[in-house]
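The values are calculated or read from the model by the stated rules, or taken from the named source; none is laboratory data. From a predicted model like this one, the values you see are computed outputs, not experimental measurements. All Cβ positions, glycine included, derive from the backbone under ideal geometry; neighbour counts span all protein chains shown. Protein only, heavy atoms only, side chains kept; ligands, DNA and RNA dropped before computing areas. Shrake-Rupley method; radii C 1.70, N 1.55, O 1.52, S 1.80 Å.
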Amino acid sequence: MSEVILRTEDLNVKFSLRGRVLHAIRGVSLEVYKGESLAIVGESGSGKSVLTKTFMGLLDQNGWVDSGSIWFEGNDLAQYKTEKEWLTIRGKKIAMVLQDPMTSLNPLKTIGKQIGEALELHQGLKGDDANKRIQEILLDVGIKEPARRMKQYPHQFSGGMRQRVVIAIAVACQPDILICDEPTTALDVTIQAQILGLIRDLIRKYNLTCIYITHDLGVVANVADRIAVMYAGDIVEIGTSEEIFFSPKHPYTWALLSSLPQLGVKGEELFSIRGTPPNLFNEIKGDAFAPRNPKALNIDFKERPPYFDISDTHKVRCWLQDPRAPKVEPPQVLERISTEGGNLYEQ
Amino acid sequence: MLKYVGKRLLAALVTLFIILTTVFVLMRQMPIEGYFDNIDKADQGVIDAKLHQLGLKDPMHIQLLNFYKNILKGDLGVSNRYRTGAPIIDIIAGKAPISIQMGLISMALSLLLGIPLGAKMARSKYKFWDKIGTGFIVFINAVPAAVYYIYIQSYGSSMLKISMLFDPSKFLNWVLPVFSMSLGSIAYYAMWLRRYMVDELNKDYVQLAKAKGVTSQDITMAHVFRNAFVPMIQYIPSSLLFTISGSIYVESLYSIPGMGGLLVDVITRQDNTMVQALVMIYASIGIIGMLLGDLLMALIDPRISFAKKEGVR
Ligand SMILES: Nc1ncnc2c1ncn2[C@@H]1O[C@H](COP(=O)(O)OP(=O)(O)OP(=O)(O)O)[C@@H](O)[C@H]1O
Ligand SMILES: [Mg+2]
C-alpha cells in the first residue's frame, strides 16, 4: 500500500449537552492513504460527520477531542487549539464539500467572489489572475459560460449547479484531502450520478485524496477504493470495496448490504435493520451492535471485540472471528451481490 | 429596475390616495366647532358664511376635488383655532427644523451605538457583553420611557450644570434630549442585529466559509454582519423619518419647540384643519418610509430581482 497521509489513533470525541456527556467517537483508529478514495458509511448518527470535522477543527462549540491523536504531516491535529493553527489546515490542506448545496453558499455574494475568496487565501491570486482562474475552475466543474456565470448569485443556480460551485470552491483551495460529506444526498438521482462522476474526475485531475461520506452503499461502489463501516462512533469493519461487498464479515455490514434496494426482489419487502442505534449518552458495553443482532453471542454483551485481521487490507471488530466462536453464515441475499454485482457497479 | 421602481411608486401613490381620502372624509364628520375660534359668540349667519367660504357646504366629491387641487398647489389650508388665520405650512415650517436636526443626530447616534453593540453581542453570545447588552435591552423595553427620561433630565442637568430646559444655541443642551431620544432605537437596533447575526452564524455557508479557511474575523464582518444588516436596512428609512417627525415626550419635557408636541396640541385644541394636515403628513411619511425601505432593499439584496424572471439553471 502507498503512503499514509492522515492517521487517527484511538480517537475519542465527546459533546456536552445539557450537563450530560455524549461519547460520539469511541476510539477510532484509521489510516487514510495518499491518493485513495475512502468511503465512510453508516447510519445517521453513527459519527461520520463528527469524525471528519475533527480533521479540520470544525467541531461544534460543545464538542472536544477527549483523547487520541490525528497525525497529518508530522503534526498531531488533536493538539491544535487556536484558529491560527487550524488556518494552516482548513482549505489549504483539507477541504470540505457539505451536504446541502442550497444552504452552503452565501446568498448575497456572487459565486465568483466566493470562489475568489478561496483563491486569494490559498494562492494569493487577485484581480485578473483570479478571474481567469475562477473561470478555469468553473469550466472544470462543468459550468458553461463561466465569464457570465461567475457574476451571478447562488439563487440563479439550481441545486446540482450549486453543488458544482461548492466543489469548485473546494478545488480552488488546491487541498491534499477532499472530504465530501454526503454531497449528493440532497439531489435527485440523475444529478447525483453527474456530481459523483464529476468528483471522480476531479480526484484524478487534481491528485486528491478523497474521504467520501455517505449512508448509501449503492453510491459507494462507484467511488471508493476502500470502505470503512461506522456504527455508534466506531469503525466496525474496513476493507477494500471488493472485500466489503463480496466477503463482508460484520453482522452490521451484512445488515447494511441486505437492505440495499438493488438486492430486493419485486413484490418482497425490503430488508430493514431492526431496532435503533444505542444511546451514546450511556456507556456502551460489549459490541454496540449486539442488541440489534438476532444472532449475537453471549460475549457480545460483555466485552468489546478487538479487531481481527482478515487480510492485509481487511479487518473487522467482531467476536465471530474468534477461533472459539461458532460458525455463522452471512445472510443468503448477499450472494446476489456476487451474481448481480455488475449491477451495483454500473448505476 | 425602473419597472420595479415604477410599480412600487404606483402602489405607494394608490395607498396614499386611499388614506388621504379616508382621513378627509372622516374629518368632515367632526363637529363644526373645530373651524371656529369662538363659536359661542358668533351668530348663525356668520357661521354659515364661514362654512360656505371654507367650502364645507359643497357636496363631498367637490370638496375632495378642491382638496386635492390645493394639495398639488402645496396649500394645506389655514389654522382656525391653534393659531387663527395662519397658513398651516408656515406653522409646520417653523417647527420642523429643530425636530429634523434632533432626529438626524439621534438617528446617527443610535446607529453608531446600536449596531456595534448588537454585533458585539452576537459575537460573544451568552458571554459578558451579551449579558450586559441584554440587560440594557430588557431595561429599555420594560421600564416606561417617561421614568428614565425624567431621571436623565434631572440628574443629567445637574451633572452637566445646565438648565433643565432646552436652549438651541448651547451645545450641552442638546446632549440630554438627543441621548434620551436615542436610547429606544439603540436597544432596537442592537436587539435585531444580534438576532439576525445569530441566525446567520448558524447557517451552513458559515461552516463552508470556515472550512475554506476564512478567519472568524472575516466571517463575522464580510459574511455574517453584511447579511444580517440587509434585512435591517428595510426599516431604516421609516425609522429615520419617524425620528425626524419629532419625539412627543422628549420635546415637551425639555420644552423644545418641535413638531412632536404639535399633533397633541392641535387635537386638544380641536383644530380640525390642522389635525387633518398633520395626520396626512404622518401617513405620507409612513408610506414614503416603507417605499424607500423596499427600494433600498431591492438595491442591496440580489435575490429581489427587477428584471423578467430568469429561470435557474
Ligand atoms: N453539537 C453536538 N452536540 C451534541 N451531540 C452532537 C453534536 N453534533 C453531533 N452530535 C452527536 O454525535 C453523533 C454523531 O453525529 P454525526 O453528525 O457525526 O452523525 P452522522 O453519521 O454524520 O449522521 P448523518 O448521516 O445524519 O449526517 C450523533 O449521535 C449526534 O447526535
Ligand atoms: Mg452527517
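Against chain A, whose longest principal axis is taken from its Cα atoms, helix A:159-172 shows a tilt of about 80°. In the protein assembly as shown, taking the dipole from charged Cβ atoms about the Cα centre, the farthest positive-side position among B:Leu240, A:Ser44, B:Ser99 is held by B:Ser99. Per-residue shielding of A:121-131, expressed as the average number of other chain Cβ atoms within 10 Å of the residue Cβ, stands at 1. Using a Gaussian network model of chain A whose springs link C-alpha atoms within less than 10 Å, name the residue from A:Leu270, A:Leu119, A:Leu198 with the highest mean-square fluctuation. Largest GNM mean-square fluctuation: A:Leu270.
For GluC sites (Glu not before Pro), the sites in segment A:1-89 that DSSP calls loop and that have at most 15 other Cβ atoms within 10 Å are A:Glu3, A:Glu73. Residues whose amide H comes within less than 5 Å of that of A:Gly27, counting only those at least five positions distant or on another chain, are A:Leu11, A:Asn12, A:Val13 (H built at 1.01 Å from N in the peptide plane).
Comparing each chain alone with all protein chains together (probe 1.4 Å, DNA, RNA and ligands left out), the residues of segment A:71-96 losing at least 40 Å² of accessible area are A:Glu83, A:Leu87, A:Arg90.
So for segment A:94-250: antiparallel DSSP bridges make up what percent, rounded to the nearest 5? Write down the numbers at each step before the final one.
Values: 6 of 15 bridges.
If I count the DSSP bridges inside segment A:94-250, around 40 percent turn out antiparallel.
Burial here means at least 10 square angstrom less accessible surface with every protein chain in place than with the chain by itself, probed at 1.4 Å; in segment B:210-232 the buried residues are B:Lys210, B:Ala211, B:Lys212, B:Gly213, B:Val214, B:Thr215, B:Ser216, B:Ala222, B:His223, B:Arg226, B:Asn227, B:Val230.
Net charge dipole, chain B: roughly 1360 debye, given to the nearest 20, about the Cα centre with Cβ charges of +1 for Lys and Arg and -1 for Asp and Glu. List the lysines whose Cα lies under 28 Å from the Cα of B:Lys57, skipping any in the same chain that are fewer than 8 positions away. The qualifying lysines are B:Lys41, B:Lys69, B:Lys73. Free of any trypsin sites (Lys or Arg not before Pro) that DSSP assigns to a loop and that have at most 16 other C-beta atoms within 10 Å, the longest stretch within chain A is A:152-265.
With a sphere of radius 9 Å drawn around the Cβ of A:Lys53, what net charge do the other residues whose Cβ falls strictly inside it have (Lys, Arg +1; Asp, Glu -1)?
Numbers: positive: none; negative: A:Asp60, A:Asp181.
Every neighbour counted, the sum reads -2.
Express the carbon and sulfur contribution to the solvent-accessible surface of chain A as a percent, rounded to the nearest whole number, probe 1.4 angstrom. Its accessible area is 49 percent carbon and sulfur atoms. Based on protein heavy atoms only, the protein assembly as shown ends up with 49 Å² per residue of surface accessible to a 1.4 Å probe. Using the crude model of +1 on Lys and Arg Cβ and -1 on Asp and Glu Cβ, and no other charge, please compute the dipole size for chain A relative to its Cα centre, in debye to 20. With Lys and Arg at +1 and Asp and Glu at -1, about 880 debye.
Shown are B:His61, A:His155, A:His250, whose ranking by accessible area with a 1.4 Å probe and every protein chain present, most to least, is B:His61, A:His155, A:His250. Against chain A, whose longest principal axis is taken from its Cα atoms, helix A:335-345 shows a tilt of about 0°. Within the listed set B:Asp167, B:Asp130, B:Asp48, the Gaussian network model of chain B (springs between alpha-carbon atoms below 10 Å) gives the highest mean-square fluctuation for B:Asp48. Summary value for segment A:4-224: 25 percent relative contact order, contacts being C-alpha pairs under 8 angstrom separated by 6+ residues.
Using a Gaussian network model of chain A in which every pair of alpha carbons under 10 angstrom is joined by a spring, one finds that among A:Val41, A:Val236, A:Val328 the greatest mean-square fluctuation is at A:Val328.
Within 10 Å of each Cβ of A:103-115, how many other protein chain Cβ atoms are there on average? Show your work: numbers first, answer last.
Numbers: counts 5, 8, 4, 13, 7, 10, 7, 1, 0, 0, 1, 5, 1.
For this peptide, the per-residue mean of nearby foreign Cβ atoms is 5.
At a threshold of 40 Å², the residues of segment B:173-209 that become less accessible to a 1.4 Å probe in the full protein assembly than in their chain on its own are B:Asp204, B:Tyr205, B:Gln207, B:Leu208.
Could you tell me the total accessible area buried at the B-A interface, probe 1.4 Å, in square angstrom to the nearest hundred?
Values: alone 18220 and 16990 Å², together 32560 Å².
Summed over both sides, the interface buries about 2700 Å².
Straight-distance candidates among the lysines for linking to A:Lys34, with alpha-carbon spacing under 17 Å and chain neighbours fewer than 8 residues away dropped: A:Lys92, A:Lys93, A:Lys205.
Under the combined filter of DSSP loop state and at most 16 neighbouring Cβ atoms within 10 Å, segment B:1-59 retains these trypsin sites (Lys or Arg not before Pro): B:Arg28, B:Lys57. Spatial offset of segment A:99-151 relative to segment B:117-134 amounts to 34 Å, using the alpha carbon center of each. Would you work out what percent of the accessible area of segment B:97-269, with all protein chains in place, is carbon or sulfur (probe 1.4 Å)? Its accessible area is 70 percent carbon and sulfur atoms. Can you tell me the FRET efficiency between B:Val264 and A:Glu83 if r is taken as the Cβ-Cβ distance and R0 is 41 Å, rounded to the nearest 0.05? Efficiency computed from Cβ-Cβ geometry: 0.15. Once both axes come from the Cα atoms, what is the angle between helix A:127-140 and the longest principal axis of chain A, in degrees from 0 to 90, rounded to 10? The angle comes out at about 40 degrees. Extension gain for the segment B:Leu299 to B:Trp129, taken as residue separation times 0.36 nm less the Cα-Cα distance, is 57.9 nm to one decimal.
Can you pull out the chymotrypsin sites (Phe, Trp or Tyr not before Pro) in segment B:99-180 that DSSP calls coil and that have at most 13 other Cβ atoms within 10 Å? Please report the intermediate quantities before stating the final value.
Details: sites: B:Tyr126, B:Phe128, B:Trp129, B:Phe136, B:Phe139, B:Tyr148, B:Tyr149, B:Tyr151, B:Tyr155, B:Phe166, B:Phe171, B:Trp174, B:Phe179; in loops: B:Tyr126, B:Phe166.
Taking segment B:99-180 and a limit of 13 other Cβ atoms within 10 Å, the loop chymotrypsin sites (Phe, Trp or Tyr not before Pro) found are B:Tyr126.
If I model chain B as equal point scatterers sitting on the Cα atoms and use the Debye formula, what is log10 I(q)/I(0) at q = 0.07, 0.08, 0.11 Å⁻¹? Log10 I(q)/I(0), no solvent term: -0.41, -0.52, -0.88. To the nearest 0.05, how large is the calculated FRET efficiency for A:Ile299 and B:Leu112 if R₀ is 56 Å and r is the Cβ-Cβ distance? Result of the calculation: an efficiency of 0.20.
Dipole check for the protein assembly as shown: with +1 at the C-beta of Lys and Arg, -1 at the C-beta of Asp and Glu, and the Cα centre as origin, the magnitude is about 1380 Debye.
Determine the percent antiparallel among the DSSP beta bridges restricted to the protein assembly as shown, to the nearest 5. Percentage antiparallel, nearest 5: 65.
In this model, which of A:Lys132/B:Lys3; A:Lys14/A:Lys48; A:Lys249/A:Lys285; A:Lys302/A:Lys327; A:Lys84/B:Lys212; A:Lys132/B:Lys212 are farther than 23 Å apart at the alpha-carbon?
Values: A:Lys132/B:Lys3 35 Å; A:Lys14/A:Lys48 14 Å; A:Lys249/A:Lys285 21 Å; A:Lys302/A:Lys327 19 Å; A:Lys84/B:Lys212 14 Å; A:Lys132/B:Lys212 20 Å.
The pairs that break the limit, which is 23 Å between Cα atoms, are A:Lys132/B:Lys3.
Here's how it looks for A:Ile40: its modeled amide H is under 5 Å from those of A:Tyr212, A:Ile213, A:Thr214, A:Ala228, which are all 5 or more places away or on a different chain.
Would you please classify the overall shape of segment A:18-113 from the alpha carbon gyration tensor, given that a ≥ b ≥ c denote the square roots of the eigenvalues, rounded means a/c under 1.5, and beyond that prolate means a/b larger than b/c while oblate covers the rest? All intermediate terms of the calculation are to be shown ahead of the outcome.
Working: a/c = 1.40, a/b = 1.26, b/c = 1.12.
Here segment A:18-113 falls in the rounded category.
Can you give the average number of partner chain beta-carbon atoms within 10 Å of each beta-carbon in peptide B:295-303, as a whole number? Display every interim value, and only then the final one.
On the way: counts 0, 0, 0, 0, 0, 1, 3, 9, 6.
Mean inter-chain Cβ contacts per residue within 10 Å come to 2.
Karplus-derived 3J(HN,Hα) values for segment A:149-154, using 6.51 cos²θ - 1.76 cosθ + 1.60 with θ = phi - 60°, are 5, 5, 8, 8, 9, x Hz; glycine and proline are entered as x.
Note that segment A:262-276 has calculated 3J(HN,Hα) couplings of 4, 8, x, 10, 3, x, 8, 6, 6, 5, 9, 6, 6, x, 10 Hz, one per residue in order, obtained from phi through the Karplus relation 6.51 cos²θ - 1.76 cosθ + 1.60 (θ = phi - 60°); glycine and proline are x.
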